[in-house]
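J.: Sharing a structure below in structure tokens format, with a few things to ask.
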Amino acid sequence: QGNVTFSHVYFSYENADSTISDMNFHVQPGQMVALVGPTGAGKSTIIHLIMRFYDCDSGAILVDGRNIQQISRSSLRKNIGFVLQDVFLFEGTIRENIRYGRLDATDEEVEEAAKRANAHSFIMRLPQGYDTVLTEDASGISQGQKQLLSIARAILRNPSILILDEATSNIDTVTEMKIQEALQQLMKGRTTFCIAHRLNTIRHAHQIFVINDGKLIEKGTHDSLIEAH
Ligand code: ADP
Ligand code: ADP
């Protein structure tokens, strides 16, 4: 589980020139793909197409051999976890926010996901431990903690496909290290598409897709791309 194929995918936003044109690739289960390229190249559009925020104009996107337009959005998204820059939080506790999208999860499962997401910053502030903190209101948490919460959500969903947008924002170094470590754990065994900003992520990618002007202009590993230039 976790095969993703683009076959002659074209997409344009309304009243805009072609944004993605004739994109073709296949990603094997468990592979990590780093999407790189200049601003406006189409990287975000690619991940939005995979999540079916938009449907492509022609061609096909297949997940495990099935055209995603023939899968309901909700069952498609059950299989896809995302950790993006903007984390959607609603009014409620941290626990309720982690449980978002997996309402059947028990308190123990939520707690386990929070631990696996390396969300130590939720505990360190308070001596009482996880339980107390998970029942705290989510509105007061920092940008870095939002990212950890988002990782915990994704862990709880246990998806075979993962979509990451690496933050370049001003998160403190210690939290940043926790986020990176949690992401490494989360990515293991899952097909991952990462809009990559960090050299380290690019080094570890199984494949790097260089996107420019809506096209996949080059792909390879870190070493093969360096050798080619
Ligand atoms: P990247 O993520 O590589 O920076 P994007 O996928 O965000 O690139 O953008 C690709 C192109 O599509 C850009 O020219 C951008 O201005 C345009 N674009 C992105 N989102 C929209 C939108 N919602 N409506 C119209 N044009 C958009
Ligand atoms: P529904 O199918 O009714 O939308 P789901 O249980 O599939 O309900 O999911 C509820 C929402 O949770 C979905 O919109 C899903 O996209 C969202 N969601 C929240 N956090 C995440 C995450 N980290 N990864 C994937 N989906 C998430």
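Table: residues versus (1) over 18 Å from residue 162 (Cβ atoms); (2) out of contact with any strand residue (DSSP E or B) (no Cβ under 7 Å at 6 or more places or on another chain); (3) within 16 Å of ligand 2 (Cβ to nearest atom).
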{"position": "1", "(1), (2), (3)": "no, yes, yes"}
{"position": "5", "(1), (2), (3)": "no, no, no"}
{"position": "24", "(1), (2), (3)": "yes, no, no"}
{"position": "28", "(1), (2), (3)": "no, yes, no"}
{"position": "34", "(1), (2), (3)": "no, no, no"}
{"position": "49", "(1), (2), (3)": "no, no, yes"}
{"position": "59", "(1), (2), (3)": "yes, no, no"}
{"position": "73", "(1), (2), (3)": "no, yes, yes"}
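J.: Among 208, 217, which is the only one that is over 16 Å from the mean Cα position of the chain (by Cα), aliphatic (A, V, I, L, M), in a strand (DSSP E or B) and at pLDDT 90 or above?
T.: Numbers: 208 fails: over 16 Å from the mean Cα position of the chain (by Cα).
That would be 217, the only listed residue that is over 16 Å from the mean Cα position of the chain (by Cα), aliphatic (A, V, I, L, M), in a strand (DSSP E or B) and at pLDDT 90 or above.
J.: Within the range 29-38, identify whether any single residue is closer than 30 Å to residue 139 by Cα and either modelled with pLDDT of 95 or more or more than 16 Å from ligand 1 (Cβ to nearest atom) (or both), and answer yes or no.
T.: Step one: filter the range 29-38 for residues closer than 30 Å to residue 139 by Cα, giving none.
Looking through the range 29-38, none of the residues is closer than 30 Å to residue 139 by Cα and either modelled with pLDDT of 95 or more or more than 16 Å from ligand 1 (Cβ to nearest atom) (or both).
J.: Is the range 205-219 home to any residue that is of a type in the set (S, T, N, Q) and farther than 24 Å from residue 11 by Cβ? Full working, then the answer.
T.: Applying the first criterion (of a type in the set (S, T, N, Q)) to the range 205-219 yields 207, 212.
From the residues that got through so far, the ones that are farther than 24 Å from residue 11 by Cβ too are none.
Looking through the range 205-219, none of the residues is of a type in the set (S, T, N, Q) and farther than 24 Å from residue 11 by Cβ.
J.: Right, here's the next one. Regarding the range 173-184, can at least one residue be identified that is of a type in the set (S, T, N, Q), within 16 Å of ligand 1 (Cβ to nearest atom) and surrounded by fewer than 17 Cβ atoms within 10 Å (Cβ to Cβ)? It would help to see each step written out before you state the result.
T.: Applying the first criterion (of a type in the set (S, T, N, Q)) to the range 173-184 yields 173, 175, 180, 184.
Add one more test, that the residue is within 16 Å of ligand 1 (Cβ to nearest atom), and what stays is none.
No: zero hits.
J.: In the range 67-117, what count of residues is obtained for those that are in a helix (DSSP H, G or I) and among the β-branched types (Val, Ile, Thr)? Write out each step before concluding.
T.: Going through the range 67-117, the residues in a helix (DSSP H, G or I) turn out to be 68-70, 73-78, 94-99, 107-116.
If we keep only those that are among the β-branched types (Val, Ile, Thr) too, we end up with 68, 94, 98, 110.
Final tally of qualifying residues: 4.
J.: Mind checking which pairs have a first residue in the range 47-65 that is within 14 Å of residue 12 (Cα to Cα) and of a type outside the set (Gly, Ala, Ser) and a second that is within 16 Å of ligand 2 (Cβ to nearest atom) and part of a loop (DSSP other than H, G, I, E, B), Cβ under 8 Å, 6 or more apart or different chains?
T.: Filtered contacts from the range 47-65: 48/54.
The values are calculated or read from the model by the stated rules, or taken from the named source; none is laboratory data. As the structure is a computational prediction, the values presented were derived from the model and not from experiment. Please note: Cβ atoms are built from the backbone with ideal geometry, for glycine as well, and neighbour counts cover all protein chains shown.
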